[in-house]
Amino acid sequence: MRGVASVLIAASLGGAAWAGVSILTPPDRAQAGSARLIAHAAPLPAELSEVVAAPETDADRRARLNARLKTMLDEGKGARLTDAPPRPPAPARAPRPARAAAKAEPAATFAPPAHDAASARPTVRRAGGYVPPTLDLKTPPRVPQNDLECLTQAVYYEARNESEEGQAAVAEVVINRSRHRAYPKSICEVVYQRNSRTCQFTFTCDGSIGRRPVSAVAWARAERIAREVHEGRSSSQLPKNSVNYHANYVRPSWGRRLARVRQIGAHIFYGAPLNGSTPGAYEREAAPAPARLLFVRNEALDRAYAVLAGQASNGASETPDTAAQ
């Protein structure tokens, strides 16, 4: 029996060593026994060797799972699962309507001012603020004979880069002035009104007319808007008492004396005056006073006259006595 038991124990130890299972040894022989068992252990399968060699992290497992899913999707064996609800099929898009053609402006009736390169003056621009233009108040302007042409010039040179509402507002200011008792009665006289100090519409005396070639499209648009406002076919932008405006980059002193109405684009429009005075009102030249004699009272002349008058009275009183003698 003892021989059989010895054989069984030896066989068990051999099988355990072949399977790579370490056997507990006393503390003083543990390290040597472990090294001896690892050196003589049989190689493990590939799956187990990877696990024993380097523990798999969550990122490794996630990458391996994604690789398997990608392989399945490439082979058409399944679809990726998500928590989002299934997306409904996109409705069929209606065909996009064709872009409307740009509104063609009617042909202009009045020819725009010709470009005069010889008389054009360069515009001086300085960094840091607005530079007032140089005004020529000595050269008489060429005033058109038609009020609608003058109104078109005002709309084009004052607001050609503004919206149609802004251009119509400028035309309304000109017409409101022609109907105001403090301004000239015709539109051309309103547009070209000036005095010895300034002109009411700067483009008429700062060289803007003829400085650059006129845009045919912008000129035709300005004429159309001016005609609509002149004939009363456009919606009103300003009250009837609005006769003043200025650009938003200038600060005229008279702006504080008027009621502000609204701002359209780069222009600020005003209404009734706050103190009764209207900037830019028509100024009539005063008639020259007739020449008259001027009498100046002088103290020295008064004394001289008194002396002469006293001498004359004394001589007159002495003459009868002498004659009586």
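The values are calculated or read from the model by the stated rules, or taken from the named source; none is laboratory data. All values derive from a computational prediction rather than experimental measurement. Note that each Cβ is placed from the backbone with ideal geometry, even for glycine, and that neighbours are counted across all protein chains shown. For accessibility, only protein heavy atoms count, side chains too; no ligands or nucleic acids. Shrake-Rupley method; radii C 1.70, N 1.55, O 1.52, S 1.80 Å.
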Going through segment 190-205 in order, the residues found to be in contact with a Ser or Thr (Cβ under 8 Å, 6 or more places away or on another chain) and open to solvent by 20 Å² or more (accessible area, probe 1.4 Å) are Tyr192, Arg194, Thr202
Residue selected from segment 63-98 under the condition aliphatic (A, V, I, L, M) and either modelled with pLDDT under 80 or part of a loop (DSSP other than H, G, I, E, B) (or both), by the criterion surrounded by the most Cβ atoms within 10 Å (Cβ to Cβ)
Leu73
Can you pull out the residues in segment 215-264 that are crowded, with 19+ Cβ neighbours inside 10 Å, more than 16 Å from Asn176 (Cα to Cα) and under 24 Å from the mean Cα position of the chain (by Cα)?
Trp219, Arg221, Ala222, Ile264
Go through (1) open to solvent by 50 Å² or more (accessible area, probe 1.4 Å); (2) assigned to a loop (DSSP other than H, G, I, E, B); (3) within 23 Å of Val217 (Cβ to Cβ) for Glu162 and report which single condition fails.
(1)
Which condition breaks for Gly210 when tested against (1) at pLDDT 95 or above; (2) part of a loop (DSSP other than H, G, I, E, B)?
(1)
Out of Arg233, Arg227, Arg221, sole residue that is charged (D, E, K, R) and without any contact (Cβ under 8 Å) to a residue 24 or more places away in the chain:
Arg233
Within segment 165-185, take every residue that is in contact (Cβ under 8 Å) with a residue 12 or more places away in the chain, open to solvent by 30 Å² or more (accessible area, probe 1.4 Å) and in a loop (DSSP other than H, G, I, E, B) and give me the one that is nearest to Ala216 (Cα to Cα).
Arg179
